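Here's the structure we're looking at; comments come further down.
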Amino acid sequence: MCHLLSRFWDVDAGAVTLGGRDVRDYSMDALMRNFSFVFQSVYLFKDTVANNIRFGQPAAPMEAVIAAAKKARCHDFIMKLPQGYDTVIGESGGSLSGGERQRLSIARAIMKDSPIIILDEATANVDPENEKELMEAIGELTKEKTIIMIAHRLKTVQGADQILVVDQGKIVQKGTHKELLAQNGIYRRFTQGREQAVSWKL
């Protein structure tokens with residue numbers, strides 16, 4: 001669905017609209033200005049930390065880069081790197097933890113300041129030590145934005161205004177966390193299964 005919304009793919013029938021207008025009526029540049037993406041697998045460029053953050057706004061001053069990094073809870077670990085913001089990182093970001101790479105990706109999205117944020121399993125591979133900082137960074141990123149969040153972790157989606165449950169490529173349930181728990185469906189079974197798993201002991 002997110003691929004259709006951002007026109008990575010186009011629909012065979014019907015239409016996907018943004019602001020009441022078919023996404024196919026936008027130029028690609030105009031459409032992409034509406035979106036920031038934070039993926040499960042973060043792609044970092046072989047460039048400085050600063051340039052990785054300012055990718056969406058290459059002319060942004062250093063003060064703006066640092067402000068975005070602070071909001072994304074990146075500043076402290078960046079300052080511990082050999083050359084700080086001028087440290088060149090590889091495409092895999094191998095010297096950084098998964099949570100640090102995710103927070104750099106969030107800093108990049110904060111810099112871009114798009115009205116719609118797509119979070120694709122952004123917290124899936126984060127270790128517990130980084131989870132608090134990552135959730136704080138996501139909180140900064142998503143203020144006053146439209147958020148589309150793809151997630152399997154229940155606590156990630158419980159506060160959403162609307163949850164869509166997708167099964168075999170189709171939306172099978174729609175509602176808030178409370179509404180979906182009241183229905184006999186996939187969401188409630190999934191929630192109950194997770195609660196039972198938490199109570200298991202070895």
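Looking at the stretch 48-65 only, could you name the residues that are closer than 14 Å to residue 105 by Cα and either open to solvent by 60 Å² or more (accessible area, probe 1.4 Å) or modelled with pLDDT of 90 or more (or both)? Please lay out each step first, then the result.
Taking the stretch 48-65 as the starting set, the residues that turn out to be closer than 14 Å to residue 105 by Cα are 48-57, 65.
Residues satisfying the conditions are 48, 49, 50, 51, 52, 53, 54, 55, 57, 65.
Scan the stretch 171-189 for residues that are more than 22 Å from the chain's Cα centre (by Cα) and assigned to a strand (DSSP E or B) and jot them down. Reasoning before the result, please.
Step one: of the stretch 171-189, the residues more than 22 Å from the chain's Cα centre (by Cα) are 172-173, 178-186, 188-189.
Result: 172, 173.
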Filter the stretch 153-164 for residues that are of a type outside the set (D, E, K, R) and more than 15 Å from residue 120 (Cα to Cα); which is most open to solvent (accessible area, probe 1.4 Å)? 162
Kindly list, by first and then second residue, each pair from a residue in the stretch 26-55 that is without any contact (Cβ under 8 Å) to a residue 24 or more places away in the chain to a residue that is assigned to a loop (DSSP other than H, G, I, E, B) and exposed (fewer than 13 other Cβ atoms within 10 Å of the Cβ), limited to pairs with Cβ atoms under 8 Å and residues at least 6 apart or on different chains. 51/58
Please identify the pairs in which a residue from the stretch 107-136 that is at positive phi and surrounded by fewer than 21 Cβ atoms within 10 Å (Cβ to Cβ) has its Cβ atom under 9 Å from the Cβ atom of a residue that is modelled with pLDDT of 75 or more and among the aromatic types (Phe, Trp, Tyr), counting only partners at least 6 apart or on another chain. 121/39
Odd one out for residue 43 among (1) of a type in the set (Ser, Thr, Tyr); (2) at pLDDT 90 or above; (3) surrounded by fewer than 16 Cβ atoms within 10 Å (Cβ to Cβ): (2)
Checking residue 95 against (1) without any contact (Cβ under 8 Å) to a residue 40 or more places away in the chain; (2) touching a helix residue (DSSP H, G or I) at 6+ places or on another chain (Cβ under 8 Å); (3) small (Gly, Ala, Ser), the condition it does not meet: (2)
Within the stretch 178-188, can one find any residue that is of a type in the set (Phe, Trp, Tyr) and either open to solvent by 40 Å² or more (accessible area, probe 1.4 Å) or modelled with pLDDT under 85 (or both)? no
Kindly establish whether residue 33 is open to solvent by less than 80 Å² (accessible area, probe 1.4 Å) and either touching a His at 6+ places or on another chain (Cβ under 6 Å) or basic (Lys, Arg) (or both). no
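The values are calculated or read from the model by the stated rules, or taken from the named source; none is laboratory data. Nothing here was measured: the structure is a model prediction, and the numbers come from that model. In this analysis, Cβ positions are derived from the backbone assuming ideal geometry, glycine residues included, and neighbour counts consider all displayed protein chains. In case anyone asks, the SASA skips ligands and DNA or RNA and just uses the protein heavy atoms, side chains included. Shrake-Rupley method; radii C 1.70, N 1.55, O 1.52, S 1.80 Å.
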